[in-house]
Amino acid sequence: MMYDCIIVGAGIAGATAARRLAEEKNKKVLVIERRNHVGGNCYDRPDEHGILIHEYGPHIFHTDDEGVREFLSRFTKWYDFGHEVVAKVGDQLIPVPFNLNTLHMVYDSEKADRLEQKLIAEYGEGSRVPIMQLQKNPDPDVREIADYVYKNVFLYYTMKQWGQKPEEISPEVTGRVPVVISGDNRYFKDKYQSVPLQGFTPMFEEMLKHPNIEVRTNTDCRTLLQFEDGKIYFEGEEFGGTLIYTGAIDELFECRFGRLPYRSLEFKFEHYDQDSFQGHSVVNYTVSEDYTRITEFKFLTGQKDTDGTTIVKEYPFAYTGAEGEIPYYAILEEKNEQLYEKYRSLTEQYSNFHLLGRLAEYKYYNIDAMCRRAMDLVGEIK
Ligand code: FAD
Ligand code: UDP
């Protein structure tokens, strides 16, 4: 096959772009993926006990975007649920995001009633207030709640996850988990909250199954692509088609300006011959332990045909680029964004070269936003 488009990476960004180019634009597409599987970080598989696990951390597809939902629904049926998270604080498991139910668990009923009225009067029922904003409220009662949430939900967890205090990281990040002025215990507010019924990997396989798409796994793009003097070479020959790159941009240019900083995670999986480990899909450890959270997969995927249970603990650390490490989170800071910009400007000399994805764009994308961005990008490609 002679390719019109080459896409590096078979995560949600690459797979969505591939399908849309193949289908809508009738392009011949090659997808190059260095892992031995498709799906990127959404990849899941059965472990040796037959329990469906998410290899790169728990993933829930949540969206309000009808177009994205509709597109992905062509490749899977869904297991829909309202995703809930609790935090272990002392002996209690409290709902996160902190909401009015949480308020009633941590204060006596008289005080909780009074504080609830105050929060509603101040922010309005149903509103979602970032912790950094709540802390600025002049009312001592509201600040008492903010102090509680800061100390018991954000401080230690954020220190573990980012190696920095909540006030030192981008407010966009802590703002993802606001204080919720309602009795809604769900982690996300989106209309759709689901995992693919048979798992993410079959959904990706289905998406990439198209006569115009060829996928090469176990292949690092750097073995096939060269960038020289404003020209792109594929297998030694000049490539005049469209290239979409979804990997880390510093790696593509040999880290010549230094490495872009990322946070990484180590996942430790444990299996137990018991029906349940924690009775919840996700428990956040916000005041204790070295790991940030424990996910018990059967409660996330709805899997019923198993007696045992598998969990995963997440241990964050600073990515160094060492063999085997995976860059998971861009660190949204001015100086990192400037460094990113230096790399990005290197790509300007190549026409029809697009950066797409959480690594390539050095951004914090959810699955749905990534899928939307890939669909929009393909819409712009001739
Ligand atoms: P990726 O999934 O990382 O895919 C990029 C692919 O490119 C990878 O497969 C990689 O191997 C490949 N690649 C890189 N370099 C090369 C190369 N040189 N040659 C060939 N291939 C290469 N989002 C949600 O919406 N809900 C969630 O619950 C959720 N949970 C998350 C939990 C964790 C722990 C993390 C880290 C993220 C989570 N996300 C979640 C975000 C979600 O993972 C991303 O939105 C999504 O993976 C982005 O897709 P992508 O295609 O940009 O990147
Ligand atoms: N966070 C926290 N405690 C929690 C949940 C979240 O401190 O119990 C903070 C933390 O800094 C985290 C950020 O809020 O990185 C965003 O959380 P989210 O769950 O959205 O992160 P994800 O793992 O999805 O990237």
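Can you tell me how many residues within segment 157-199 are in contact with a Ser or Thr (Cβ under 6 Å, 6 or more places away or on another chain) and more than 14 Å from ligand 1 (Cβ to nearest atom)? Let's see the steps before the verdict.
To start, the set of residues in segment 157-199 that are in contact with a Ser or Thr (Cβ under 6 Å, 6 or more places away or on another chain) comprises 157, 160-161, 166, 181, 190, 192, 195-196.
Narrowing the set further to residues that are more than 14 Å from ligand 1 (Cβ to nearest atom) leaves 166, 181.
Here the count works out to 2.
Out of segment 330-379, which residues are surrounded by fewer than 16 Cβ atoms within 10 Å (Cβ to Cβ), within 22 Å of GLY40 (Cβ to Cβ) and acidic (Asp, Glu)?
Matches in segment 330-379: ASP376 only.
Output the residues belonging to segment 355-373 that are of a type in the set (Asp, Glu) and either over 13 Å from TYR245 (Cβ atoms) or within 7 Å of ligand 1 (Cβ to nearest atom) (or both).
ASP368 - this is the single residue of segment 355-373 that is of a type in the set (Asp, Glu) and either over 13 Å from TYR245 (Cβ atoms) or within 7 Å of ligand 1 (Cβ to nearest atom) (or both).
Would you pick out the residues in segment 237-271 that are more than 11 Å from ligand 1 (Cβ to nearest atom), under 19 Å from GLN161 (Cβ atoms) and surrounded by 17 or more Cβ atoms within 10 Å (Cβ to Cβ)?
Within segment 237-271, LEU260, PRO261 meet the criteria.
Of all residues in segment 216-240, which are part of a loop (DSSP other than H, G, I, E, B), of a type in the set (Asp, Glu) and closer than 16 Å to GLU348 by Cα?
First, the residues of segment 216-240 that are part of a loop (DSSP other than H, G, I, E, B): 217-220, 224, 229-230, 235-236, 239-240.
The next check asks that each one be of a type in the set (Asp, Glu); those that pass are 220, 229, 235.
Residue satisfying the conditions is ASP229 alone.
Filter the strands (runs of 3 or more DSSP E) completely within segment 283-382 down to those with at least 3 residues that are over 30 Å from LYS27 (Cβ atoms). Full working, then the answer.
Details: elements: 293-296, 309-318, 353-355.
Where strands (runs of 3 or more DSSP E) fall fully within segment 283-382 and carry at least 3 residues being over 30 Å from LYS27 (Cβ atoms), they are 293-296, 309-318.
Given the criteria in a strand (DSSP E or B), at pLDDT 95 or above and under 21 Å from LYS209 (Cβ atoms), does ARG45 qualify? If you could, list the steps in order and put the result at the bottom.
Working: in a strand (DSSP E or B): yes; at pLDDT 95 or above: yes; under 21 Å from LYS209 (Cβ atoms): yes.
Yes: the conditions hold for ARG45.
Of the residues PHE277, PHE317, which single one is of a type in the set (Phe, Trp, Tyr) and either within 12 Å of ligand 1 (Cβ to nearest atom) or within 19 Å of THR158 (Cα to Cα) (or both)? Break it down stepwise before answering.
Numbers: PHE277 fails: either within 12 Å of ligand 1 (Cβ to nearest atom) or within 19 Å of THR158 (Cα to Cα) (or both).
Only one candidate qualifies: PHE317.
The values are calculated or read from the model by the stated rules, or taken from the named source; none is laboratory data. Please read all numbers here as calculations on a predicted model, not as lab measurements. We place every Cβ from the backbone using ideal geometry, glycine too, and count neighbours over all the protein chains shown.
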